[in-house]
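These notes concern the structure reproduced below.
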Amino acid sequence: MARRIELVVDAQATLGEGPLWDEREKRLYWVDILRHALHVYDPASGENTTYDVGQRVSTVVLDESGGVLVAVENGFARFDCATSQLEIIVDPEEDKPENRFNDGKCDPGGRFWAGTMHASATVPDKGSLYRLDPDLSVHTMLTGVSISNGIVWTDDCRTMYFNDTIPGTVTSFDYDNETGDISNPRVVIRIPADMGMPDGMAIDSEGMLWIEHFFGGAVHRWDPRTGTVIDTIALPVSNPTACAFAGDNLDELYITTARDSVSEEKLKGEPHAGGLFHVKVGVRGTLTHRFKG
């Protein structure tokens, strides 16, 4: 399928991440982790508004009652875009200053999941995956994670998928929407090293996984039942990081990218690395879950 890949914000982001579509306001939230930036992009006007969070911010989710929550280097937090005030809720790794938070999303039950990694991105097994419940209690769901990344849930609320970047694995879990518990882990996809490393992930209405391949220059649509690639979007940059379905029909994909880990020489051929890209994919995605705090 021939697709038109459009650069919508030439942000030159160091480490663009975490796109999230707000279907009510018809805006896209996304972050630049290393520049401490929360971005809000309005497709209707083309305007991209930037907020300084004050510390490394790795992902953003919407609050059902309004506003946003974020994962920052000091834990789970609320951020007020009107005042630029950051309020830390809880830091489950206060004793691990060498770690930082990375990707995360809300589950169908309205809980905020986010995981950690060693800040160098080279030391394996130092991270964990946490779950912040609506009562603001925090729970450790996984340990021994290398780089906690893409996390999604199926429409029937029975399965959760989770990426760990360094080993290149996508793991499926049985998921209990009533309790938020996960069980029965099994690796369903192993990304070959020559395809890059699995980063962010989105799930479509058919249960297929759209995974960004960092160092791989593409977004691949994977069938988790067979562990095979069924579609590919090649990008003009080496390091795509995450994607989100958007638009009135949820058939548009916004893709964040990074300049981080791209040599100065290679950047000459990738002038738009770190940009926010848009493409119509012809497949319907799923709605964003909101925090029910």
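Structure values in brief
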{"quantity": "GNM result for the chain, Cα springs below 10 Å: residue of Ala13, Ala121, Ala44 fluctuating most strongly", "calculated": "Ala44"}
{"quantity": "Sorted by Cβ density within 10 Å, fewest first, the residues Glu264, Glu73", "calculated": "Glu264, Glu73"}
{"quantity": "Per-residue Cβ neighbour rank within 10 angstrom, fewest leading, Glu23, Glu47", "calculated": "Glu47, Glu23"}
{"quantity": "Rounded if a/c under 1.5, otherwise prolate or oblate - the stretch 6-280, Cα gyration tensor axes", "calculated": "rounded"}
{"quantity": "Quarter of the Cα convex hull surface for the stretch 1-40, i.e. its orientation-mean projected area (nm²)", "calculated": "3.8"}
{"quantity": "Loop-located trypsin sites (Lys or Arg not before Pro) in the stretch 5-37, at most 13 other Cβ atoms within 10 Å (DSSP)", "calculated": "Arg24, Lys26"}
{"quantity": "Three-way shape call for the stretch 50-165 based on the alpha-carbon gyration tensor, with the a/c threshold at 1.5", "calculated": "oblate"}
{"quantity": "Shape call, the stretch 194-253: gyration tensor on alpha carbons, a/c limit 1.5", "calculated": "oblate"}
{"quantity": "Fully extended contour minus Cα-Cα distance, from Ala82 to Glu6, at 0.36 nm per residue", "calculated": "24.4 nm"}
{"quantity": "Qualifying trypsin sites (Lys or Arg not before Pro) for the stretch 189-241 [loop in DSSP, other Cβ within 10 Å: at most 11]", "calculated": "Arg225"}
{"quantity": "At 0.692 mPa s and 37 °C, Stokes D of the stretch 163-223 from Kirkwood alpha-carbon radius, µm² per second", "calculated": "266"}
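No lab work stands behind these numbers, since they all come straight from the coordinates. The model shown is predicted, which means the values in this text are computed figures rather than measured ones. So basically every Cβ, Gly included, is an ideal-geometry build from the backbone, and we count neighbours across all protein chains shown.
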